[in-house]
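Working notes for the structure below.
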Amino acid sequence: MFKPKHAVLAAVLCSALVAQAADPVKVGIALDISGPFAAAGAEARDGFDLAIETLGGKLGGQPAEFLKTDFAGNPEQANQLVTRYLQRDKIDFFTGPIASNSALAVGPALFAAKVPFISSNPGPSQFAGKQCNPFFFGQYQNDTYDEAAGKFANEKGYKNMVIIAPNYPAGKDHLNGFKRIYSGALKDEIYTKVGQIDYAAEIAQIRAAKPDAVFFFLPGGMGINFIKQYIGGGLKEIPLVAPGFSADQDVIQAVGEPMLGLYNTAHWTHDLPLPANTAFVSAFRKKYDGRYPTVYAAMAYDAIMAMDAAVRDVGGKLDDRAAVAKALAKPSFKSVRGEFSYGANNYPVQNYYLRVVEKDAEGKLTNKLVGTVMEKHQDAYVGECAL
Amino acid sequence: MDAIFIFEQLLNGLGYGLMLFLLAAGLTLVFGIMDTMNLAHGSLYMAGAYIAAKVHESSGSFLGAVLVAIVATILIAALIEWLVVRRLYSRDHLAQVLATFGVILIADDLVKAIWGPSPIMAPTPAALTGPVQLLAELPYPAYRLVLLGVGLAVALGLYLLVNHTRMGMLVRAGASNRSMAEFMGVRVGRVFSFVFALGAALAALAGALMGPIGAVQIGMGEAILIPALVVIVIGGIGSVRGAFVAALLVGLVDTAGRAFLPPMLRAVLPPSLAADLGPALAGIAMYVLMAAVLTLKPAGLFPARA
């Protein structure tokens, strides 16, 4: 017989269930899939999606909710999105932006709310040095790719080099990173216009300078323009060296044959022979029509995996934010890049690899692992961090 | 710095100038004759580049790809004219800028929906990949020589069309005084359609030819629209001759700024100052040129409207 007491009990039980179900782990992802970083942002999205699928939509075994909104690479819009994520959605983790300027724009609000920001790409020097924060976790520091390239240039015995980058703060940072380690002579240091289309003048300067090799940091379309015109201009004999972003799968796809033989450095490569990485790469290629993942996809995948491990390590108790940050700082997951640890500034101490663009067994152009350039390398800014 | 280096940079400047001319010629015709600011010109350029790259990839014929790109882009332009631009002829420039800027945003998203957000491959035609030994010490990219040739041919063709044909006469009449031309019995509407199609064809040609030496990606049209606008302002809006001279000037000044300014400054200034100043000055060289021309001749070098 149905008694009112039972109904009350049922209601209480149900509401308890609802309360539990309504409290999933909330992850705010700022997608960067339109605007200036759309290509890299789409790669990151694919990495996030694969990780979420692999984990069955859960984090650390807990139900999770992944909020994804595009902010079009605009720091102002990123800020508004983060405010909404913090105030309305009350997120537990944040990740997503591609560019350093967006990361710098959203950092302070997240840190004030004690929400861990696991970078899926940018590693600005500010957050590595004076403005370091226990709630920010880098994947690499911006300069480290260039430092690895500088070390490679030394080992290769390049005595004279020309280095080239766009004339804006990040361009200077990257060349400074290279110069920090490179010990040979610089024939020329060229700064180009941001968004430059035609590189004939610079290429003529390089031809006249006759360097042993050229190091370039020209992100996105600028790099594509430059490489095509460089090879078309008959400078094939002078090797090109670049940080991995300028020679990743998206760029290779767009440039084609002229990419062959281009040396580049990165903290990850798709043919790193590690079980976690092989599983990631084959799952990625299966999900996305045989396409090789870029480093953006790998980092996005890792960012979600880091959250997963942290939720498990704190036993799902996300209210203790300091404990969550502590768990994140001691990564217990199998990263696709292999073993790594965080330095005092929450930036990784990790290996950097040399890759070269070659044809794979199917005749597809892609990066091939050559070797390790730097082992357990730490960024140059850690000393400025007071953590 | 030897003579060959200077000669090479001169060629580079001419080449860049002629590329800008292909885009600016269409823009200046449409603006000069129809008094319509069509920012979507950059999107037509992008359409030309994407279509040419895709057709080239699947057919293997570069020439065929360029022709298909031109025809397809004319059709797209006709659609845009019919849907949007036709309604804007009588409106003010702000409305035109806003509406055609909207077209840019839609075009960028359409391209992303069709071909994805990543830049696509636009290979150089196989016969033109390598350099040509122009002088004993000067290898020059074969493809860039072709660009130079096409740019000059288009300039000559436009000159003949505008100055020595009946259609050209009507175009000039429309550009210098539209209402007077209408009173004299010129069917300005027909001239408008012709000019819009011609502008689209030139934009598509420029896009298709730029593909092999540049990034074929979303937003490529906006990036090149800025120097193209500088060119038509310097040349005098509506004047093809002005666009030609201004494009070569901008190409030469920009290239010279990048090639010669930094080393010259390094010779006379302390290194740290020169390192900051050189690229900054080179970056604004073409705007300085524009400011100088506008100070001396506020309507540009060859104003179409007297």
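The values are calculated or read from the model by the stated rules, or taken from the named source; none is laboratory data. Model, not experiment: these values are computed from the prediction. A quick note on method: Cβ atoms are made from the backbone with ideal geometry, for glycine too, and the neighbour counts reach across all protein chains shown.
What the table shows:
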read-out	value
Members of the range A:336-364 that are surrounded by 20 or more Cβ atoms within 10 Å (Cβ to Cβ), under 18 Å from A:Ala242 (Cα atoms) and either in contact with a Cys (Cβ under 8 Å, 6 or more places away or on another chain) or hydrophobic (A, V, I, L, M, F, W, C) (or both)	A:Leu354, A:Val357
Selection count where residues are within 30 Å of B:Ala3 (Cβ to Cβ) and either within 14 Å of chain A (Cβ to nearest Cβ) or outside any helix (DSSP H, G or I) (or both), scope the range B:138-165	12
A:Leu272 being assigned to a helix (DSSP H, G or I), touching a Phe, Trp or Tyr at 6+ places or on another chain (Cβ under 8 Å) and more than 24 Å from A:Phe37 (Cβ to Cβ)	no
Some residue of the range A:70-89 being in contact with a Pro (Cβ under 7 Å, 6 or more places away or on another chain), farther than 25 Å from A:Thr278 by Cα and not in a helix (DSSP H, G or I)	yes
Considering residues of the range B:138-189 that are among the charged types (D, E, K, R) and modelled with pLDDT of 85 or more only, the residue farthest from the chain's Cα centre (by Cα)	B:Glu182
Residue identified as touching a strand residue (DSSP E or B) at 6+ places or on another chain (Cβ under 8 Å), under 28 Å from A:Ala72 (Cα atoms) and assigned to a helix (DSSP H, G or I) among B:Tyr50, B:Tyr45	B:Tyr50
Leading residue by the ranking (farthest from the other protein chains (Cβ to nearest Cβ)) among those in the range B:198-219 that are part of a helix (DSSP H, G or I) and either more than 14 Å from B:Ala69 (Cβ to Cβ) or over 14 Å from the mean Cα position of the chain (by Cα) (or both)	B:Leu198
Scan of the range A:232-246 for residues that are out of contact with any Ser or Thr (no Cβ under 9 Å at 6 or more places or on another chain) and either within 14 Å of chain B (Cβ to nearest Cβ) or over 21 Å from A:Asp146 (Cβ atoms) (or both), ordered by number	A:Gly233, A:Gly234, A:Leu235, A:Lys236, A:Glu237, A:Ile238, A:Ser246
Flag for A:Lys193 being more than 14 Å from every other protein chain (Cβ to nearest Cβ) and more than 20 Å from the chain's Cα centre (by Cα)	no
Residue ID - surrounded by the most Cβ atoms within 10 Å (Cβ to Cβ), chosen from residues in the range B:105-162 that are over 24 Å from B:Leu202 (Cβ atoms) and touching a strand residue (DSSP E or B) at 6+ places or on another chain (Cβ under 6 Å)	B:Tyr140
Residue count for the range B:262-280, restricted to those that are more than 10 Å from every other protein chain (Cβ to nearest Cβ) and buried (at least 18 other Cβ atoms within 10 Å of the Cβ)	2
Number of positions in the range B:116-129 that are touching a helix residue (DSSP H, G or I) at 6+ places or on another chain (Cβ under 6 Å) and facing another protein chain (nearest Cβ under 7 Å)	6
Residues within the range A:206-240 that are of a type in the set (D, E, K, R), assigned to a helix (DSSP H, G or I) and either more than 14 Å from A:Val255 (Cα to Cα) or touching an Asp or Glu at 6+ places or on another chain (Cβ under 6 Å) (or both), tallied	1
The range A:144-185, residues that are hydrophobic (A, V, I, L, M, F, W, C), closer than 21 Å to B:Gly278 by Cβ and touching a strand residue (DSSP E or B) at 6+ places or on another chain (Cβ under 7 Å)	A:Met161, A:Val162, A:Ile163, A:Ile164, A:Ala165, A:Leu175, A:Phe178, A:Ala185
Evaluation of A:Ala112 against (1) away from every other protein chain (no Cβ under 14 Å); (2) in contact (Cβ under 8 Å) with a residue 60 or more places away in the chain; (3) out of contact with any Leu (no Cβ under 7 Å at 6 or more places or on another chain); (4) not acidic (Asp, Glu) (one fails), failing number	(2)
Residues within the range A:328-350 that are touching a strand residue (DSSP E or B) at 6+ places or on another chain (Cβ under 9 Å) and more than 20 Å from A:Lys130 (Cα to Cα), tallied	10
Any chance B:Leu135 is under 29 Å from B:Phe7 (Cβ atoms), more than 11 Å from chain A (Cβ to nearest Cβ) and either among the aromatic types (Phe, Trp, Tyr) or over 22 Å from the mean Cα position of the chain (by Cα) (or both)	yes
Answer residue from the range B:1-42, given it is within 13 Å of another protein chain (Cβ to nearest Cβ) and in a loop (DSSP other than H, G, I, E, B) and is surrounded by the fewest Cβ atoms within 10 Å (Cβ to Cβ) among those	B:Asp2
Count of residues meeting criterion [touching a Leu at 6+ places or on another chain (Cβ under 9 Å), more than 18 Å from B:Glu8 (Cα to Cα) and at the interface with chain B (Cβ under 8 Å from one of its Cβ atoms)] in the range A:196-225	2
Test result for A:Thr265, more than 30 Å from B:Leu10 (Cβ to Cβ), away from chain B (no Cβ under 13 Å), in contact with a Phe, Trp or Tyr (Cβ under 8 Å, 6 or more places away or on another chain) and of a type in the set (Ser, Thr, Tyr)	yes
Matching entry among A:Lys187, A:Lys210 (being surrounded by fewer than 20 Cβ atoms within 10 Å (Cβ to Cβ), out of contact with any helix residue (DSSP H, G or I) (no Cβ under 6 Å at 6 or more places or on another chain) and assigned by TED's automatic domain parsing to the domain that holds A:Ala148)	A:Lys210
Selection from the range A:247-262 of residues that are touching a Gly at 6+ places or on another chain (Cβ under 9 Å) and either more than 9 Å from every other protein chain (Cβ to nearest Cβ) or at positive phi (or both)	A:Ala247
Any hit, the range B:228-239, residues being under 25 Å from B:Met46 (Cβ atoms), assigned to a helix (DSSP H, G or I) and modelled with pLDDT under 90	no
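Here's the yes/no breakdown for (1) among the aliphatic types (A, V, I, L, M); (2) part of a loop (DSSP other than H, G, I, E, B):
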| residue | (1), (2) |
| --- | --- |
| A:Asp319 | no, yes |
| A:Ala327 | yes, no |
| A:Tyr352 | no, no |
| A:Val373 | yes, no |
